[in-house]
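Here's the structure we're looking at; comments come further down.
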Amino acid sequence: MAASKGKGLGKRIETLDVVLLIFLTFWAIVIILPFLNVIGISFASEKEYYNSMLVLIPKEATLENYKALIRDGRIWIGYRTTLLLVLIGVSLNMFLTTSMAYGLSRPNLPFRRFFVYFIVFTMMFNGGIIPLYLLMKQLNLINTLWSVILATGLNSFYLIIMRNYFLSLPQSLVESAKLDGAREWRIMVSVILPISMPIIATLTLFYAVDRWNEWFLAMIFIRKRELLTLQLALRSIVMESQGSEHFSASQTELKKFSQGMKMAAVLMTMVPIMCVFPFLQKYFVKGILIGAIKG
Amino acid sequence: MRNSTVARGRRKLFIEVWKMKEVYILLIPAVVWYIIFAYIPIYGLTLAFKTYKANLGIFRSPWVGFENYKYVFRDPAFLESIWRTIVINAGRIVFQFPFPIILALMLNEVRVNRYKKVIQTIYTFPHFLSWVIVASIMINILNTKGMVNAIISMLGGEPVNFLGSTKLFKPLLYITENWKSAGWTMIIYLAAMAGIDTEQYEAAIIDGASRLQMMWYITLPGIKSTIEVLLILQIGNIMTQGFDQIFNLSNPATAKVGEILDMYIYRVTFLAAADFSYSTAVSLFRSVVNFIFLNVADRVSKLLGSEGLFA
């Protein structure tokens, strides 16, 4: 009897545990395998791809696909555009979000409720893409990066998360700073923002990922090849008709293994997200907790 | 007498506002942004009742009443797209919605913390990738020479044309969406489960309940309100969900079965001869239907005895 109580876990291993383990691990493999396949193909040669269908670790790894991708040029255009978008976009995002969130967190601000409704209303109703497109047209922003940067200037949901964070800070900090003669801006910059680094880091990451993944607005607003965003560059590379490698073979010096190049492009688009993911991971559970309550 | 108190009240308010002038200055940039990029487009929805003239702009284009809607409801492609949207998204509720709950219930039972963490990390990663990336990965593994077909033929089966099949398109949507974001939704449920009072489990153990019984009678009821909120949101999004996914996963062979309302709007706005009033009329219709769905779902959940979404 006592022996079946097991050790280590304090509880014995039941059939249920085995079933759970198998199922959960199976789903994890279902998620991981496609990524391994992408990485494998991106380093594989055309010959290897057609000989063995399930490429996970290529026997003779080659950088040819990446070279072809770089020669193609679209991926660089994408990187340049998207980096600009992230740099300018996230700065603007954080500026607008932080300033308004701080303002709305001040408890004795007259008309505070009005401003909160002003925000919440836009979360329930929006004009959608067509009026936005026509607005951009009238502002002469079509075919410029500014159309995308301004259209995504601020995320109301993130704004509310940040405001809730500010509200959770002890008010006594503000009061004591006031007694020392500090004014509002001063309090914000030297008292509140330094202790709000966790939320600032979180939202910066969230905004950065959003801008990195931008494609729809860019596709609608910007019809210029030189301003292709990274996601659209990837799209245009991947969506090129399957089997096109047979046709492009006529340009012998540009001969390339298109499936390999496509997967190299997928990987290059994904790498930055993979780099920030450990940080995202650290913060997102908190973020989602607030999110789960507010919907 | 009354006037003077009103005047005093106004004066007091003015002083309050003046004292906070620095704070109001902080609000200005974002408020200006909201007015231009959120409220003007909302006003722009009036285009649904106008005829858009490029030279006159949104504001000065002439009103035509419900004229646009006469054409909207005569387009069979529009009516089909509505039906398709409802069918696809109702399917999501059946085939997609329960999956993260099952994952969360299972992971919640795992007692090895390190394993739990690794699994969570793996499951949540795809959520942060755009549909462009995820679709690229799916097209790679599902094409006729891809990994899935390689596995099928290793097991002795016939290769399947997953991407070009109109029959498999809906299952493809449900499975790939689960692949991408079930893990993320699972985290929400796990968080809700962490909030369940442990005393309930202790009492159940004393009563001799099995783990499956605890799952069914304690854990599941414990996350009931979370399930409801997410379900309401899912129903409320019935008209808008899935554009990114379908846009990136469909191809000429499957375009027809995937033309949900948003795809239809995209097509008539940006691919066909653009009639902006017409497509605004369609998208306004979509928003209204969405809003009705959201409210009905909320009302129903209240009737069933829960707090609902706007509690």
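The values are calculated or read from the model by the stated rules, or taken from the named source; none is laboratory data. Not measured: the values here are computed from a predicted model. Using ideal geometry, Cβ is built from the backbone for each residue, glycine included, and neighbour counts are taken over all protein chains shown. Only protein heavy atoms, including side chains, enter the accessible area calculation; ligands, DNA and RNA are left aside. Shrake-Rupley method; radii C 1.70, N 1.55, O 1.52, S 1.80 Å.
A few notes on this one:
- Filter result (modelled with pLDDT of 90 or more and small (Gly, Ala, Ser)) within segment B:210-249: B:SER210, B:GLY222, B:GLY242
- Check on B:MET106, of a type outside the set (Ser, Thr, Tyr), at the interface with chain A (Cβ under 7 Å from one of its Cβ atoms) and buried (at least 20 other Cβ atoms within 10 Å of the Cβ): no
- The set of residues in segment B:57-86 being within 14 Å of chain A (Cβ to nearest Cβ), surrounded by 11 or more Cβ atoms within 10 Å (Cβ to Cβ) and on the phi < 0 side of the Ramachandran plot consists of B:ILE58, B:PHE59, B:SER61, B:ASN68, B:VAL72.
- The helices (runs of 4 or more DSSP H) found wholly in segment B:195-270 and carrying at least 3 residues that are within 25 Å of B:ILE175 (Cα to Cα) and open to solvent by less than 50 Å² (accessible area, probe 1.4 Å) occupy B:224-236, B:243-249, B:261-266.
- Pick from segment B:137-168, criterion open to solvent by less than 30 Å² (accessible area, probe 1.4 Å) and in contact with a Pro (Cβ under 6 Å, 6 or more places away or on another chain), ranking: farthest from the other protein chains (Cβ to nearest Cβ): B:ASN149
Matching residues to (1) in contact (Cβ under 8 Å) with a residue 60 or more places away in the chain; (2) away from chain A (no Cβ under 11 Å); (3) under 22 Å from the mean Cα position of the chain (by Cα); (4) under 30 Å from B:ARG299 (Cα atoms):
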residue: B:GLU199; (1), (2), (3), (4): no, yes, no, no
residue: B:ALA203; (1), (2), (3), (4): no, yes, no, no
residue: B:TYR217; (1), (2), (3), (4): no, yes, no, yes
residue: B:ILE223; (1), (2), (3), (4): yes, no, yes, yes
residue: B:LEU233; (1), (2), (3), (4): yes, no, yes, yes
residue: B:THR240; (1), (2), (3), (4): no, no, yes, yes
residue: B:PHE243; (1), (2), (3), (4): no, no, yes, yes
residue: B:ASN251; (1), (2), (3), (4): yes, no, no, no
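- Residues within segment A:182-213 that are more than 17 Å from A:ASN93 (Cα to Cα) and assigned to a helix (DSSP H, G or I), tallied: 11
- For A:LEU109: the one exception among (1) at the interface with chain B (Cβ under 8 Å from one of its Cβ atoms); (2) open to solvent by 20 Å² or more (accessible area, probe 1.4 Å); (3) over 30 Å from B:ASN295 (Cβ atoms): (2)
- Picking from residues in segment A:16-57 that are open to solvent by less than 30 Å² (accessible area, probe 1.4 Å) and outside any helix (DSSP H, G or I), the one that is nearest to the other protein chains (Cβ to nearest Cβ) is A:VAL55.
- Segment B:78-89 residues that are in a helix (DSSP H, G or I), paired with ones that are buried (at least 20 other Cβ atoms within 10 Å of the Cβ) and hydroxyl-bearing (Ser, Thr, Tyr) (beta carbon under 9 Å, 6 or more apart): B:PHE78/B:TYR264; B:GLU80/B:TYR264; B:SER81/B:TYR264; B:ILE82/B:TYR264; B:ARG84/B:TYR264; B:THR85/B:TYR264
- Summed over segment A:149-185, the residues that are modelled with pLDDT of 95 or more and more than 22 Å from A:THR202 (Cα to Cα) give a count of 0.
Conditions tested, residue by residue: (1) more than 30 Å from B:GLU22 (Cβ to Cβ); (2) charged (D, E, K, R); (3) surrounded by fewer than 21 Cβ atoms within 10 Å (Cβ to Cβ).
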residue: A:ILE130; (1), (2), (3): yes, no, no
residue: A:TYR133; (1), (2), (3): yes, no, no
residue: A:LEU145; (1), (2), (3): yes, no, yes
residue: A:ILE149; (1), (2), (3): no, no, no
residue: A:SER156; (1), (2), (3): no, no, yes
residue: A:SER168; (1), (2), (3): no, no, yes
residue: A:ASP180; (1), (2), (3): no, yes, yes
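- Listed by first and then second residue, the pairs with beta-carbon distance under 7 Å, at least 6 apart or on different chains, first residue in segment A:58-71 and in a helix (DSSP H, G or I), second hydroxyl-bearing (Ser, Thr, Tyr), are A:GLU64/A:SER45; A:ASN65/A:SER42.
One line per residue, one yes/no per condition, for (1) more than 23 Å from the chain's Cα centre (by Cα); (2) closer than 19 Å to A:THR269 by Cβ:
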{"residue": "A:VAL38", "(1), (2)": "no, yes"}
{"residue": "A:ALA44", "(1), (2)": "yes, yes"}
{"residue": "A:LYS47", "(1), (2)": "yes, no"}
{"residue": "A:LEU54", "(1), (2)": "yes, no"}
{"residue": "A:LYS59", "(1), (2)": "yes, no"}
{"residue": "A:LYS67", "(1), (2)": "yes, yes"}
{"residue": "A:TYR79", "(1), (2)": "no, yes"}
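- All helices (runs of 4 or more DSSP H) inside segment A:114-181 with 3 or more residues being more than 20 Å from A:MET100 (Cα to Cα), at the interface with chain B (Cβ under 10 Å from one of its Cβ atoms) and not acidic (Asp, Glu): A:129-138
- Taking segment A:182-191 as the range and being surrounded by fewer than 20 Cβ atoms within 10 Å (Cβ to Cβ) and either within 12 Å of chain B (Cβ to nearest Cβ) or not polar (S, T, N, Q) (or both) as the test, the residues that pass are A:ALA182, A:ARG183, A:TRP185, A:ARG186, A:VAL189, A:VAL191.
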